[in-house]
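Every number here is computed from the coordinates shown, using simple stated rules; none is lab data. A quick note: this is a predicted structure, and the numbers were derived from the prediction, not measured. All Cβ positions, even for glycine, are placed from backbone atoms using ideal geometry, and neighbour counts span all protein chains on display.
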Amino acid sequence: MSRAEKTAVYPGSFDPITLGHDDIVRRSLKLVDRVIVAVAETASQSKSSLFDLEERVAILERVYEDEPRVTISSFEGLLVDFARTSAAPIIIRGLRAVSDFEYEFQMALMNRSLWPQIEVIFMTPDNRYTFLSSSLVREVARLKGDVTAFVPPIVLEAMVARIGPSVAGG
Ligand code: ADP
């Protein structure tokens, strides 16, 4: 029996994508046919940002160039509007700790009241990544720490070019 393909959207700021995000993307591919990794434009203009929107999209495209089931996009405005126009009625979010829960729960219920057809799936990453966040990776990198263990190799390369060899332990 054939069934309609399931597409999910995985939204975030991804400045930069970490191994925690990547773990969630790869786990979600076990549940759905396609994942759209969607970079939020509103979150891209902060002073503390490392890569701009175009750079984040370009990095993500390279990280997933061998995975045809993952596509990269950016969006502005409401996530549910982006999900609806992309025919992606599933939102994937990562939950690292209880501290993520309250905000995520509130967002999920708000999104559902904006678009009742949406379903939100919360996923937990591998233990190794529960402490990881993009902001912490940026901070460690800016303080000349080695972030090799936290980001995909393509991200590390882009961070070396932006910040210097210290981010790769050099
Ligand atoms: P961050 O919280 O690292 O700044 P984003 O705002 O881009 O990242 O988050 C996008 C989504 O990815 C959110 O659902 C967030 O909870 C999830 N996420 C972020 N880091 C991790 C991680 N290390 N493991 C699992 N999920 C994560």
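Could you calculate, for the stretch 51-104, the ratio of the Cα radius of gyration to the Kirkwood radius, expressed as Rg to Rh?
Working: Rg = 13.6 Å, Rh = 13.4 Å.
For the stretch 51-104, the value is 1.02.
With an 8 Å Cα cut-off and a minimum separation of 6 or more residues, compute the relative contact order for the chain in percent. Don't skip to the end; give the middle numbers.
Numbers: 248 pairs, mean separation 45.1, N = 170.
Once divided by the residue count of the chain, the mean separation gives 27 percent.
Under 24 Å Cα-Cα from K144, which lysines qualify once same-chain neighbours fewer than 8 residues away are excluded?
Qualifying lysines at Cα under 24 Å: K47.
Starting from the Kirkwood Rh over alpha-carbon pairs, what translational D in µm² s⁻¹ does the stretch 85-170 have by Stokes-Einstein at 25 °C and 0.890 mPa s?
Value of D from the Cα-based Kirkwood radius: 162 µm²/s.
Express in nm, to one decimal, how much length is gained between N127 and E139 on full extension, taking 0.36 nm for each residue of separation and deducting their alpha carbon distance.
So the extension gain works out to 2.2 nm.
Taking 0.36 nm per residue of sequence separation and subtracting the Cα-Cα distance, how much length would be gained by fully extending the chain between K6 and M107, in nm to one decimal? Let's see the in-between values first.
Working: separation 101, 0.36 × 101 = 36.36 nm, distance 2.18 nm.
Extra length available between K6 and M107 comes to 34.2 nm.
Divide by every residue of the chain the summed helix terms, -39500 (n - 2.57) for each DSSP H run of at least 4, and state the resulting mean residue ellipticity at 222 nm, rounded to the nearest 500 deg cm²/dmol.
Details: 6 runs with 65 residues, N = 170.
-11500 deg cm²/dmol, from helical runs alone.
Please work out how much length the chain gains when fully extended from L31 to A149, using 0.36 nm per residue of separation minus the C-alpha to C-alpha distance, in nm with one decimal.
Contour length minus the Cα-Cα distance gives 39.8 nm.
Restricting to bridges with both residues inside the stretch 7-128, how much of the DSSP beta-bridge set is antiparallel, in percent to the nearest 5?
Working: 0 of 19 bridges.
If we restrict to bridges inside the stretch 7-128, about 0 percent are antiparallel.
Under a plain spin-label model, where a point goes 7 Å from the Cα along Cα-to-Cβ, how far apart in nm are E54 and R84?
In this crude label model, E54 to R84 measures out at 3.1 nm.
At 4 °C and 1.567 mPa s, what whole-number value in µm²/s does Stokes-Einstein give for the translational diffusion of the stretch 7-128, with Rh from the Kirkwood sum over Cα pairs?
Approximately 88 µm²/s, per Stokes-Einstein.
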